[in-house]
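No lab work stands behind these numbers, since they all come straight from the coordinates. This one's a predicted model, so the numbers in the text were calculated from it and none came from an experiment. FYI the Cβ positions are ideal-geometry reconstructions off the backbone, even for glycines, and counts take in every protein chain you see.
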Amino acid sequence: MGLTNGPIPLGLSVLHKCDNKWCVNPKHLYLGTQTDNMGDRAQRNPDSQGGRPLGTSGIPRTSKISLEKARLIIELYRSGKFSYEKLARIFGYGHTTIWNILNGRYPIFKDLLDSK
């Protein structure tokens, strides 16, 4: 953007008109704020969370987390012997995914948290 259309003003970012993250076509770029960017994303994909479409269960459609795995993650964490990071390594998920399971961020697993 800066090479083609001049400097980028303070407080603005270069945004894409298309959804191709590899796009480098200067005609597909425009200036806007982070709020503009989030609004554009919500308009193009209203069912998204962080860019990943959500299924009806409330977990990302691309997820491979089964109820059995979630139940085991919760049980192991409650034992006090496993941290988020250790569970992430064991199950091959990011520690944020483990945190989301243990803190009720995925509606499908909330019942598992309530049962003891």
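Listing for the model above:
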{"quantity": "Simple spin-label estimate for LYS69 and THR96 in nanometres, 7 Å along Cα-Cβ", "calculated": "1.7 nm"}
{"quantity": "Region 67-114: relative contact order in percent, alpha carbon pairs under 8 Å with at least 6 residues between", "calculated": "37 percent"}
{"quantity": "Cα-based shape type of region 62-116, given that a ≥ b ≥ c are square roots of the gyration tensor eigenvalues and the cut on a/c is 1.5", "calculated": "oblate"}
